[in-house]
1. Bin width 5 Å, origin at 0, all Cα-Cα pairs of the chain: what percent of pairs per bin?
2. With a 1.4 Å probe and every protein chain kept in, tell me what percent of the accessible surface of the chain is carbon plus sulfur.
3. Let me check against my output: what whole-number percent is the relative contact order of the chain, with C-alpha pairs under 8 Å and at least 6 apart?
4. Restricting to Cα atoms and excluding each atom paired with itself, what does the Kirkwood estimate give for the stretch 47-119 in Å?
5. Can you work out ³J(HN,Hα) from phi for every residue in the stretch 12-25, in order, using Karplus 6.51 cos²θ - 1.76 cosθ + 1.60 and θ = phi - 60°, giving whole Hz and x for Gly and Pro?
6. For the stretch 72-120, what is the accessible area per residue in Å² when the probe is 1.4 Å?
7. Considering only the other residues whose Cβ falls under 10 Å of the Cβ of Asn96, what net charge follows from Lys and Arg at +1 and Asp and Glu at -1?
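The values are calculated or read from the model by the stated rules, or taken from the named source; none is laboratory data. Bear in mind that the values here come from a model prediction, so they are computed numbers and not experimental data. Cβ sites come from the backbone with ideal geometry, for glycine too, and all protein chains shown count toward neighbours. For accessibility, only protein heavy atoms count, side chains too; no ligands or nucleic acids. Shrake-Rupley method; radii C 1.70, N 1.55, O 1.52, S 1.80 Å.
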Amino acid sequence: QVQLVESGGGLVQAGGSLRLSCAASGSIVSINRMDWYRQAPGKQRELVAAITDGGSTDYADFVKGRFAISRDNAKNTVYLQMDSLKPEDTAVYYCNAQVRAYYRGVVSVRGYWGQGTQVTVSS
């Protein structure tokens, strides 16, 4: 089984910074893409940033220039550095990973979600 655990959320004032972490564990062979999503109350979950196993990154327009995604393959961990935070960034942030891992005795690629970490930005 593969599990993802997020950490680093909290309460900050507008203009502040947070660094989120998401660590994957389990019978992992390798991790392909790792993403950060967020979901605010009453809103749909949306993609924030993504990073491939080769280090290529992609960002939603609303975070470009403010957020940076990175990963440490040795630790099976993805990070999201969030700077210049705005109240509209308030949401639960989730990590998602496409993982090559053992499932029912064979290696396959499956998607996994973390349980989320709350980010609250006060005005």
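1. In order of increasing distance, the bins hold 2, 12, 23, 24, 18, 11, 7, 3, 1, 0, 0 percent.
2. Working: 2920 of 6590 Å².
Taking all protein chains in place, the chain shows 44 percent carbon and sulfur surface.
3. On the way: 312 pairs, mean separation 44.1, N = 123.
The normalised contact order for the chain reaches 36 percent.
4. Values: mean 1/r = 0.0725 Å⁻¹.
So the Kirkwood estimate lands at 13.8 Å.
5. 9, 7, 3, x, x, 9, 9, 10, 8, 10, 9, 10, 9, 9
6. Counting only protein heavy atoms, the per-residue value for the stretch 72-120 is 53 Å².
7. Here the count lands on +1.
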